[in-house]
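Notes follow the structure.
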Amino acid sequence: IAGITQAPTSQILAAGRRMTLRCTQDMRHNAMYWYRQDLGLGLRLIHYSNTAGTTGKGEVPDGYSVSRANTDDFPLTLASAVPSQTSVYFCASSEFPSVAYEQFFGPGTRLTVL
Amino acid sequence: GENVEQHPSTLSVQEGDSAVIKCTYSDSASNYFPWYKQELGKGPQLIIDIRSNVGEKKDQRIAVTLNKTAKHFSLHITETQPEDSAVYFCAASNANAGNMLTFGGGTRLMVKP
């Protein structure tokens, strides 16, 4: 069982380019999340999805979009990247609703926007 | 929305000593408080969590305490080992309103052999 996989592992991107970060989970979890982690800061929620076909905005959604066409995949798209989007991006999933609230995290994607 | 403050930002202890990390939260509706450990180059991993109907929870060398009145919760690691060195994050959520976590800023724990 792989858990959560993210791709790419790292990417250097020119400002203004479009980029999609991929996230796939094989745990059949209903809920999925995207966070960004900046140096010296904790993780901040970008977007979330409680179930396939639905999405919602987190704390820092501007400049990002997501889709949830099926249970397993939750891609994050930067339509026109800017240097302030340089960060490490983590995808996570959890059962929802459930008494088990644990969020399982992927290994992250390190994105640099120049 | 929820705001979670975490202290200290760095903590250095000698192997075998105890380490304590403290967090405060602002939203009284929060009822789920997990702690995550993040090793270099990896995603966070849950080490222990506590729900609002419990004041303390222990798992081997790790314990978490929760004071709902004061809106603070703490992580206690006893008999620290070098492999405990990592960044630790606290978080809070209102699990009844969606499982969206608000994280503290993190504590870099260094255990010196």
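The values are calculated or read from the model by the stated rules, or taken from the named source; none is laboratory data. Computed from a predicted model, the values in this text were never measured in an experiment. No Cβ is skipped: glycine too gets one built from the backbone with ideal geometry, and neighbour counts run over all protein chains shown. We work out accessible area using only protein heavy atoms, side chains counted, and drop any ligands, DNA or RNA first. Shrake-Rupley method; radii C 1.70, N 1.55, O 1.52, S 1.80 Å.
Entry remark, the range B:34-55: residues being loosely packed, with under 13 Cβ neighbours inside 10 Å and either away from chain A (no Cβ under 14 Å) or acidic (D, E) (or both) number 2 in total. In summary, B:G98 fulfils each of the numbered conditions (1) surrounded by fewer than 23 Cβ atoms within 10 Å (Cβ to Cβ); (2) within 15 Å of B:R51 (Cβ to Cβ) with the single exception of condition (2). If I ask for residues that are in contact with an Asp or Glu (Cβ under 9 Å, 6 or more places away or on another chain), part of a strand (DSSP E or B) and not hydrophobic (A, V, I, L, M, F, W, C), which ones from the range B:40-71 would you list? Answer for the range B:40-71, where residues must be in contact with an Asp or Glu (Cβ under 9 Å, 6 or more places away or on another chain), part of a strand (DSSP E or B) and not hydrophobic (A, V, I, L, M, F, W, C): B:Q45, B:D49, B:K57, B:T65. Testing B:N31 on (1) open to solvent by 10 Å² or more (accessible area, probe 1.4 Å); (2) modelled with pLDDT of 95 or more, one condition comes back false. Which one is that? It fails just one condition, (2).
Residues of the range A:56-82 that are in a loop (DSSP other than H, G, I, E, B) and either in contact with a strand residue (DSSP E or B) (Cβ under 7 Å, 6 or more places away or on another chain) or within 14 Å of chain B (Cβ to nearest Cβ) (or both): A:G58, A:E59, A:V60, A:P61, A:G63, A:R68, A:D72, A:F74, A:P75, A:A79, A:A81, A:V82.
Residues that are assigned to a loop (DSSP other than H, G, I, E, B) and more than 9 Å from every other protein chain (Cβ to nearest Cβ): does the range A:40-50 have at least one?
In the first step, residues of the range A:40-50 are kept if they are assigned to a loop (DSSP other than H, G, I, E, B); the result is A:40-42, A:50.
Pick out the ones that are also more than 9 Å from every other protein chain (Cβ to nearest Cβ) and you get none.
No.
Taking only the range A:83-114 into account, find how many residues are among the aliphatic types (A, V, I, L, M) and either surrounded by fewer than 17 Cβ atoms within 10 Å (Cβ to Cβ) or in a loop (DSSP other than H, G, I, E, B) (or both). Matching residues across the range A:83-114 total 3. Kindly provide the set of residues from the range B:1-28 that are open to solvent by 40 Å² or more (accessible area, probe 1.4 Å), under 11 Å from the mean Cα position of the chain (by Cα) and of a type in the set (V, I, T), ordered by number. Scanning the range B:1-28 gives B:V20, B:T24.
State whether the residues of the range B:56-74 include one that is within 14 Å of chain A (Cβ to nearest Cβ) and surrounded by fewer than 13 Cβ atoms within 10 Å (Cβ to Cβ). Yes, the range B:56-74 has at least one match.
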